[in-house]
Amino acid sequence: MRAAPEQYEMISPGNLAAALKLMASEPGRWLPVAGGTEVMVQYSAGRLPQRNLMNVWGLPELRRIEVTPDAVVIGGGCTFAEIRAHKAIAAEFSMLAKTAAWVGSIANQNRATLAGNLANASPAADSPPALLAYEAEIELISVRGTRRIPYTQCHLDYKRTALTQDELILAVRLPRRFAGWRDYVRKVGTRNAQAISKVCMAAQALVQDGVVEAIRMGMGSVAPVPLRLAAIEECAAGRKVNATLIAECRQLLDKMIAPIDDIRSTIEYRRLVAGNVLEDCLRTLAGTA
Ligand SMILES: Cc1cc2nc3c(=O)[nH]c(=O)nc-3n(C[C@H](O)[C@H](O)[C@H](O)COP(=O)(O)OP(=O)(O)OC[C@H]3O[C@@H](n4cnc5c(N)ncnc54)[C@H](O)[C@@H]3O)c2cc1C
């Protein structure tokens, strides 16, 4: 059933302070809309329960990318097109630049924002695995001030985040402490473009003579939330990548993930592919693929 426009109200507060004030005055009433690529799909299908929408598209405070000595700070309102085009992101955080290029079509990337991708909290979203591997923090803002949380604490459950009802995602901070690490990023979808991930993965590692000195890994589409593969990171640290390590890591992964059957894939397929991608990741990072 199509939505009836007269049942909806949309306000454009015009600046961040006014947007936060509105959210604080009636917590939960005003749904922020950035690029609208998630919200408008629900609206068009008549499945958007919220009737009061607040336009945050283009607010300058959410739309900056700042490079500091310690971090690259990406405003929540930045689009994937802007992220793809940014030189410092391409140079230092190329996995995020690559995942930005995977989000839907070019038209999509011109509207879809990083904060929208995270707040929508789909386990199949493309940017989370890279943010997990980069140990990103997210900066939240409300009339009460700002707070930072590790991105690992953002997703509480399927479509549920740690954001309170009066908060917006102000920015995502990527720490600049991984110079010299190798990286690996992979999306498995029905096609190479314009497809939702069946399994997606990002990882980076410090490797010396085939030994993994340190590794950070994130995987999407295999559980209710995007997963940081901490147990596998611990298992691999300090070891050479060989058949024994790969078998152990695959077993650990099998215990950690809880993929679903849906129109895109079966549980069995996702389990097998997740294991294959993990193996390819370890071999590629170690230089033995
Ligand atoms: C055809 C199509 C293809 C797609 N393909 C992909 C794909 O391949 N990979 C992928 O990952 N996604 C894909 N998507 C999903 C979507 O484009 C992304 O999730 C996008 O990043 C959402 O951003 P947005 O700004 O459009 O969000 P919106 O639709 O504006 O909002 C989404 C959610 O985020 C909240 N929100 C927005 N901004 C903020 C903020 N600053 N703080 C707090 N909450 C906020 C909103 O309230 C809402 O709950 C696709 C969508 C479509 C329609």
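Annotations
- Hits in the stretch 67-100 - residues which are within 24 Å of residue 36 (Cα to Cα) and out of contact with any helix residue (DSSP H, G or I) (no Cβ under 7 Å at 6 or more places or on another chain): 73, 82, 85, 86, 98
- Selection count where residues are touching a strand residue (DSSP E or B) at 6+ places or on another chain (Cβ under 8 Å) and either surrounded by fewer than 24 Cβ atoms within 10 Å (Cβ to Cβ) or farther than 15 Å from residue 151 by Cβ (or both), scope the stretch 205-223: 12
- If the condition is being in contact (Cβ under 8 Å) with a residue 24 or more places away in the chain, under 30 Å from residue 266 (Cβ atoms) and open to solvent by 90 Å² or more (accessible area, probe 1.4 Å), then the stretch 160-195 contributes 160, 186, 190, 194.
- Odd one out for residue 49 among (1) at pLDDT 95 or above; (2) within 13 Å of the ligand (Cβ to nearest atom); (3) out of contact with any Lys or Arg (no Cβ under 8 Å at 6 or more places or on another chain): (1)
- Any hit, the stretch 167-177, residues being within 23 Å of residue 19 (Cβ to Cβ), in a loop (DSSP other than H, G, I, E, B), over 14 Å from the mean Cα position of the chain (by Cα) and within 13 Å of the ligand (Cβ to nearest atom): yes
- Positions within the stretch 196-232 being within 10 Å of the ligand (Cβ to nearest atom) and either over 28 Å from residue 109 (Cα atoms) or free of Cβ contacts under 8 Å to residues at least 40 places away in the same chain (or both), in sequence order: none
- Considering residues of the stretch 55-82 that are near the ligand (Cβ under 8 Å from one of its atoms) and without any contact (Cβ under 8 Å) to a residue 60 or more places away in the chain only, the residue farthest from residue 118 (Cα to Cα): 57
Listed here are the residues, each with its yes/no results for (1) in the same structural domain as residue 142 (by TED's automatic domain parsing); (2) within 23 Å of residue 177 (Cα to Cα).
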site	(1), (2)
12	no, no
32	no, no
40	no, no
92	yes, yes
104	yes, no
111	yes, no
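Yes or no, residue by residue, for (1) within 19 Å of residue 118 (Cα to Cα); (2) outside any strand (DSSP E or B):
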position: 149; (1), (2): yes, no
position: 203; (1), (2): yes, no
position: 206; (1), (2): no, no
position: 212; (1), (2): no, no
position: 222; (1), (2): yes, yes
position: 248; (1), (2): no, yes
position: 254; (1), (2): no, yes
position: 258; (1), (2): no, yes
position: 268; (1), (2): no, yes
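- Test: residue 280 is in contact with a strand residue (DSSP E or B) (Cβ under 8 Å, 6 or more places away or on another chain), outside any strand (DSSP E or B) and surrounded by fewer than 18 Cβ atoms within 10 Å (Cβ to Cβ): yes
The values are calculated or read from the model by the stated rules, or taken from the named source; none is laboratory data. Just so it is clear, the structure is predicted and the values come from calculations on it, not from any experiment. Cβ coordinates were reconstructed from backbone atoms using ideal geometry, including for glycine residues, and neighbour counts include every protein chain displayed. These accessible areas exclude ligands, DNA and RNA; they are computed on the full protein's heavy atoms, side chains included. Shrake-Rupley method; radii C 1.70, N 1.55, O 1.52, S 1.80 Å.
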